[in-house]
Every structure is written in structure tokens, then in C-alpha cells.
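Just so it is clear, none of the values below were taken in a lab; they were calculated from the coordinates. All figures in this text were calculated on a predicted structure; none of them were measured in a lab. Cβ sites come from the backbone with ideal geometry, for glycine too, and all protein chains shown count toward neighbours.
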Ligand code: NI
């Protein structure tokens, strides 16, 4: 592989055996690949805590449009967040349920707050925020599931 640096890692035999067992179960073809994913996840976790990190993302929500006041509340919240919202796509799922995909861009804290506000509306069945860091491309997601 071009542009990679090889590193040596020392592990206790029990820890290595456990690691091998788990990565085999997950279908990794090599330890290197598994370690790379772990490092990426760990870096993403650190960014996830940086509320000022600039992110691009998608909020996917499913809701019941028959719920009183729901449409007005969604519109109100989305207008208040016009800085963060690039576009919204609406899909009618059946007679009463809708899916809305909201494309967003902004600071992590703002996007999380927006997804939380949308997810908290009565009649919203599911709301999930998926984001990628603008600077590193690392992905994150948070989901709110309400049944
Ligand atoms: Ni609809």
C-alpha cells in the first residue's frame, strides 16, 4: 500500500486472541484493516466531542402528518434553522406517514440541537442525524427512535 507507515504493536496473548476472534467474526481480512477502523472510530469520537466542528449532514425523519400541530411545528423549527438547512426533500410514505430528508451544514452543536428539536415533536416517529466532518470526512450518526 502506498503512502502508509508500518507500525509495530505489542499486545498480551489473551488480548490478541480476543481481538482476532472478534475481527474474524466481523469479517475483517486482516488485523491492519481492523486496527485502521478502530483508530478512525476513535478519532471520530474525539471530533464528536468538539461541538464547534464544522459538519455536513442529513436528518432523516419519519412522522405521522395527522398529528395535530405537527406540520406547523416542523415548519417553524426549520425556518428558525435556515442558516443550517440547505434543502429538504419530502416523500409521502402512505396515507398518513411522511419521510423528510433535511440536508444540513454547520457546527456540530447546532446540527445536534436541530435534530433533537425535530425528533422531540409529537408525532415524529423516528429522527436520525448522519454527519460527515467537512475537514476529515469522518462519519458520525445519532439516532432518536420513538415508538
Ligand atoms: Ni407527506
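A few notes on this one:
- Residue of 122, 26, 52 that the Gaussian network model of the chain assigns the largest fluctuation, springs spanning Cα pairs under 10 Å: 26
- Angle in degrees between helix 31-48 and the longest Cα principal axis of the chain, rounded to the nearest 10: 40
- Crossing angle, helix 108-119 versus the chain [Cα axis fit, 0-90 degrees, rounded to tens]: 50
- Full extension of the chain between residue 17 and residue 105 yields a length gain of 27.4 nm, computed as 0.36 nm times the residue separation minus the alpha carbon distance.
- Estimated from the Cβ-Cβ distance and a Förster radius of 25 angstrom, the FRET efficiency linking residue 25 and residue 128 is about 0.45.
- For region 1-108, the alpha carbon convex hull comes to 209 Å³ per residue, rounded to a whole number.
- Note on region 1-65 and region 93-132: Cα centroid distance 25 Å, given to the nearest whole angstrom.
- Of 18, 84, 105, the residue with the greatest mean-square motion in the GNM of the chain, using alpha carbon springs below 10 Å, is 18.
- Ellipsoid equivalent to region 21-73 - semi-axes via the Cα gyration tensor, in Å: 38, 19, 8
- Helical mean residue ellipticity (222 nm; -39500 (n - 2.57) per DSSP H run of 4+; nearest 500) of the chain: -12000 deg cm²/dmol
- Backbone N within region 107-142 under 14 Å of label point (7 Å from residue 86 Cα along the Cβ vector): 107, 130-135, 137
- Degrees between helix 70-80 axis and first principal axis of the chain (Cα, 0 to 90, nearest 10): 70
- Relative contact order [Cα under 8 Å, 6+ residues apart], the chain, whole percent: 26
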